[in-house]
Amino acid sequence: KKFTEGLTKTRTAFVERVEDLIIRRKKIDEEFYEELEEILIGADVGVNTVMKLIDELRVEVRKRRIENADELQPVLSEKLVGLLRSDEDNGLKLAPSGLTVILFVGVNGVGKTTTIGKMAHRFKQEGKKVLLAAGDTFRAGAIEQLEVWGQRVGVDVIKQQAGSDPAAVMYDAVQAAKTRGADILLCDTAGRLQNKVNLMEELNKIYRVIKREVPDAPHEVLLVLDATTGQNALSQAKLFGDKTGLTGLVLTKLDGTAKGGIVIAIRQEVGIPVKFVGLGEKMDDLQEFDSEQFVHALFA
Ligand code: GDP
């Protein structure tokens, strides 16, 4: 139900146009494919992915001897699910016992703090003991903003003063988590892109400090991306890519965009699973990503 509401804009811009095309053209011919291509590209599915998808559709249409456009929709849904599915999907990797550390990376403004707050709420509702680490010591207000979420959700924030070494904050946070017997430590990091080299070095240092204290951590490194920035999100995913040992993506603000097709482009071109999506600004508006549910909600 959440998906269905959150994807309203994408559904209007994408699925309703496909449905209109199907009714209007009736037959599957070259013009049909061309128009479908335009609609998909308009929804930010990404040119390469669209080409691949159209090719696959052509094969399937021939194989199943489909002539009428109205028979195409289930085939299209099936293909979209296929593009989105991945073996590593399905939830977060947690420590089998003891402390789980999850690192959040991403550019300022994408919704990193909000996602950490929502995730804290989620784990807390599952009865887990959660701590937050204020690792963005660079951006003015970042620590306070995390504290606001901490209070809202009812979890503590481990912090130092603004400008301090983020790796030192992480060290403190891991020690605190161990001492207090926390189950989950969610770590915020800086997202300034003005100096990419410095940022990547900082993230690597944080990574190493965490690993030294908890050898199988971080259990997840999640890159947070803003879906409303479309192709920009895609290039951020490529930028962070292998430099930070990413294990998953969180795509925020899907409710605010008609270009939900970006999920498909990112899945195809980056090859890292989308683990969660943000569907609003509230505590409960974080949804575990499921390719079938997603496509189903699009065509609902
Ligand atoms: P950060 O700089 O990456 O930590 O970004 P913030 O967490 O401060 O979020 C930036 C803005 O995006 C805030 O106004 C959030 O309320 C908003 N935001 C975050 N996630 C979502 C989402 O899933 N949907 C919507 N509509 N807004 C969101």
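Go through segment 103-170 and name the GluC sites (Glu not before Pro) that are in a DSSP coil and have 15 or fewer other Cβ atoms within 10 Å of their Cβ.
Qualifying residues, ordered by number: 126.
Round to the nearest 0.05 the FRET efficiency obtained for residue 5 and residue 34 when R0 = 22 Å and r is the Cβ-Cβ distance. Walk me through the intermediate numbers first.
Working: r = 32 Å, r/R0 = 1.46.
It comes out at approximately 0.10.
Give me the 1.4 Å probe accessible area per residue for segment 51-193, excluding ligands and nucleic acids, in Å².
45 Å²
In straight Cα distance, which aspartates and glutamates are under 15 Å from residue 253, not counting same-chain residues fewer than 8 positions off?
Correct list for residue 253: 5, 44, 226, 281, 284, 285, 288.
If I model a spin label at residue 204 and residue 147 as a point 7 Å from the Cα along the Cα→Cβ vector, what separation in nanometres do I get?
The modelled label-to-label distance comes out at 3.3 nm.
Over the Cα atoms of segment 132-262, what is the Rg over Rh ratio if Rh follows Kirkwood? Please report the intermediate quantities before stating the final value.
Numbers: Rg = 15.3 Å, Rh = 15.7 Å.
Taking Rg over the Kirkwood Rh, I get 0.97.
Counting only heavy atoms of the protein chains, get the accessible area per residue of segment 236-288 (1.4 Å probe) and round it to a whole Å² value.
About 33 Å² of surface per residue is accessible.
Can you pull the Kirkwood radius for segment 58-198, inverse mean 1/r over Cα pairs, to one decimal in Å?
Its Kirkwood hydrodynamic radius stands at 17.7 Å.
How large is the translational diffusion coefficient of segment 1-107 in µm² per second when you combine the Kirkwood radius over alpha carbon pairs with Stokes-Einstein at 4 °C and 1.567 mPa s?
80 µm²/s
How much of residue 205 can a 1.4 Å solvent probe reach, expressed as accessible area in Å² and rounded to 10?
For residue 205, the solvent-accessible surface is approximately 90 Å².
Under a plain spin-label model, where a point goes 7 Å from the Cα along Cα-to-Cβ, how far apart in nm are residue 269 and residue 12?
2.6 nm
For 65, 122, give the ranking by accessible area with the largest first, probe 1.4 Å.
Largest to smallest exposure gives the sequence 65, 122.
Which of 159/211; 118/259; 243/282; 2/205; 79/128; 205/238 have a Cα-Cα distance over 28 Å?
Flagged as over cut-off: 243/282; 2/205; 79/128.
Ignoring any ligand, DNA or RNA, what whole percent of the accessible area of the chain comes from carbon and sulfur when the probe is 1.4 angstrom?
Result for the chain: 47 percent of the exposed heavy-atom area is carbon or sulfur.
The values are calculated or read from the model by the stated rules, or taken from the named source; none is laboratory data. No experiment lies behind these values; they were computed from the predicted model shown. Here the Cβ is made from the backbone with ideal geometry for all residues, glycine too, and neighbour counts use every protein chain on show. Side chains included, ligands, DNA and RNA excluded: accessible areas come from the protein's heavy atoms. Shrake-Rupley method; radii C 1.70, N 1.55, O 1.52, S 1.80 Å.
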